[in-house]
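Right, one structure below, let's go through it.
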Amino acid sequence: MYCPFCGQQQASKSAFCCSCGKDIKFLCDVDKTGTSGEATGKSTLELFQTFRSVKEKERRACFKKKKTPSKDNLKVVKLTVAYFIVSLSISVGLMGLKDGVLKTVRGTVLPLLMRPESDADELQRAAEQKMKTFDRNVHGGPYVLLYPDGTKITNIPGTEVPFTLNEYKEAVGKAYQRITLYICTAEDFFTSSQETSSESNSSDSEVIIMSPTSAEFNAADTLAWEPADGESGTDSAAPVLFSDSQEGPGTSGGVLETACYSKYTQLYAPIVIEDKDDSDSVECSHDTPEDTEVDQQSLSEITANLALEIDHRAVSRFNICRSNIWDGAVRGFKRATFSEKKDILVKFSDDEGRFEEGLDTGGPKREFLSLLMKELNKRPIFDGPVESRYLVYNSTAIREDEYYLAGKMIAVSIVHGGPGPNFLSEDLVSYISGQSSFKASVGDITDEEIGKVLQEIQYSPSVEILQDLMIRNKNDSSVTLEEVLMFATGVPCVPPAGMSPLPRLQFLCSTTSTFPMANTCANILKLPLLDTYGAFKANMNFGINNSPGFGCV
């Protein structure tokens with residue numbers, strides 16, 4: 001008898017298989033009845049084999065045959081594994097020019113898979129592609145591959161061995177994952193290299209000496225400080241204070257006067273033409289000794305003499321993109337190595353940073369200065385007709401020191417052989433040069449509303465209509481009590497909790513300020529002492545109406 005489950009022959013008839021332990025008692029029952037084998041004429045072994053074949057078919061029907069991978073799939077898997085085995089991950093980032101120095105641009109470092117035997121050219125192309133893929137602000141180039149210290153990658157540092165990734169890894173002793181290299185535009189790299197070479201040259205080194213007056217001007221957020229009458233204006237300058245809470249020696253009231261607003265009113269006060277009777281009371285303190293030789297020189301001779309002071313052995317470099325002349329010029333003029341006594345070397349480039357061929361022997365410099373004067377004409381510090389511009393107040397330009405830059409650009413252009421500011425008004429030029437003639441017309445007014453009113457007044461057909469126009473259009477500048485209180489204390493009315501300290505009045509001498517001043521922290525209103533009530537009223541109206549923003553309107 002055989003076990004139908006494991007096929008093991010049984011020594012005796014038993015209820016359980018001696019091999020697998022399963023219940024085979026039913027076989028005993030079959031042999032006893034004698035129906036199965038005897039009826040069919042088949043032995044027990046044949047029955048078991050039939051049973052086993054049926055079970056084998058059932059078992060095979062429950063399982064699926066595994067698919068063997070094709071030869072093509074095996075090749076792809078092998079190539080992928082081989083690529084990751086021979087390609088190692090390093091990091092690449094972006095460098096940019098900031099304050100004349102190449103610095104890492106934050107947030108631009110990305111991983112890059114490269115072969116250990118990759119050279120500098122292959123690594124640069126892969127880094128450019130990676131950066132352009134993940135950063136849309138990265139433009140076309142050209143680019144330069146750099147070490148972390150900003151030097152161009154050509155050889156292994158300190159050797160003549162050409163750069164490869166595995167050679168550099170062995171030289172620095174770092175794992176590939178810790179290696180970081182950078183790319184930057186050729187324009188930024190060229191600019192940084194030129195500045196580094198200029199600063200390292202002892203003949204181009206500069207020492208900037210700043211007087212206390214200049215230091216205070218640069219530290220101030222609003223206006224420059226000018227010395228009071230009787231001071232030398234050099235090293236005895238007093239500091240600029242933005243409140244009257246600080247005390248200093250030499251003040252009559254024990255409190256140093258606020259200089260910010262008073263200097264604002266001095267800078268932007270209207271031009272008052274004095275009568276002949278009053279002209280004797282004002283003495284000019286800027287008289288210069290007469291020099292007949294200077295008076296006899298023409299403007300061209302003066303310009304030629306200034307041009308003789310240019311040192312052609314030293315240069316101030318300008319890298320100018322033709323689509324953005326102004327930004328390139330400002331960057332060059334603000335550079336620490338710039339000097340108006342150095343020659344100017346200009347290099348033009350396109351929007352992608354590719355430099356134009358050729359060496360500047362005078363032509364590109366003159367072209368740059370001509371384009372700069374055209375850009376200066378469009379700046380917000382000028383207003384009026386295109387061919388007859390006037391200076392106007394602009395708070396943003398004051399913060400960016402654009403008035404000073406404009407004057408420097410004009411002087412440099414004239415002395416270095418470029419054009420002058422041919423767009424300035426003749427009246428403005430006359431005023432700057434010290435001439436008293438001023439012949440402004442209604443056409444110079446750019447404000448449409450004011451210009452329209454002035455034209456109506458100018459061409460009024462009768463005195464009655466003129467008087468009616470003057471009454472209807474009277475720009476009344478008298479200030480209200482609320483405006484005076486706001487000027488002196490910072491609130492337009494008395495607060496419910498009262499004022500502490502109580503408001504007070506102080507009087508200013510004529511040498512301190514001719515316009516009103518205030519200390520809103522101490523609730524002090526400071527009034528100027530003037531000769532006539534008319535002058536006092538005009539200065540009070542003007543000062544209070546133009547006071548918001550601590551002197552910046």
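The values are calculated or read from the model by the stated rules, or taken from the named source; none is laboratory data. Predicted model only: the values in this text are computed from it and were never measured. Here the Cβ positions follow ideal geometry from the backbone for every residue, glycine too, while neighbour counts run over all protein chains shown. Surface accessibility is based on the protein's heavy atoms, side chains included, excluding ligands, DNA and RNA. Shrake-Rupley method; radii C 1.70, N 1.55, O 1.52, S 1.80 Å.
General observations
- When the square roots of the Cα gyration tensor eigenvalues are ordered a ≥ b ≥ c, the ratio a/c for region 427-505 is 1.5 or more and a/b does not exceed b/c, which makes its shape oblate.
- Violating pairs (Cα-Cα greater than 28 angstrom) within the set Lys342/Lys374; Lys152/Lys408; Lys365/Lys439; Lys378/Lys537: Lys152/Lys408; Lys365/Lys439; Lys378/Lys537
- Of the residues Ser192, Ser462, Ser478, ranked by 1.4 Å probe accessible area with the largest first, the sequence reads Ser478, Ser462, Ser192.
- Per-residue SASA entry for Met470, accessible area with 1.4 Å probe, Å² rounded to 10: 110
- For Ile465, solvent-accessible area (1.4 Å; no DNA, RNA or ligand), Å²: 70
- Accessible-area ranking of His312, His416, largest first, probe 1.4 Å: His312, His416
- Region 374-402 versus region 86-155: alpha-carbon centroid distance in Å: 41
- Modelled label positions at Asn394 and Asp531, each set 7 Å beyond Cα in the direction of Cβ, lie 3.8 nm from each other.
- For region 500-509, 3J(HN,Hα) per residue [Karplus equation, 6.51 cos²θ - 1.76 cosθ + 1.60, θ = phi - 60°, Hz, x = Gly/Pro]: 9, x, 5, x, 9, 10, 9, 10, 9, 6
- For region 319-362, alpha-carbon Rg over 2.2 N^0.38 Å: 1.19
- In plain terms, the chain from Ser89 to Asp121 could stretch by 9.8 nm, reckoned as 0.36 nm per residue minus the Cα-Cα distance.
- Accessible surface of Phe16 - all protein chains present, 1.4 Å probe, nearest 10 Å²: 120
- Virtual spin-label span in nm between Val429 and Ile471, 7 Å along Cα→Cβ: 4.5
- Applying a DSSP loop filter and a limit of 16 other Cβ atoms within 10 Å to the trypsin sites (Lys or Arg not before Pro) in region 377-464 leaves Lys378, Lys439.
- For region 396-494, accessible area per residue (1.4 Å probe, heavy atoms of protein chains only), Å²: 68
- If R0 equals 45 Å, the separation of the Cβ atoms of Lys452 and Lys408 corresponds to a calculated FRET efficiency of about 0.75.
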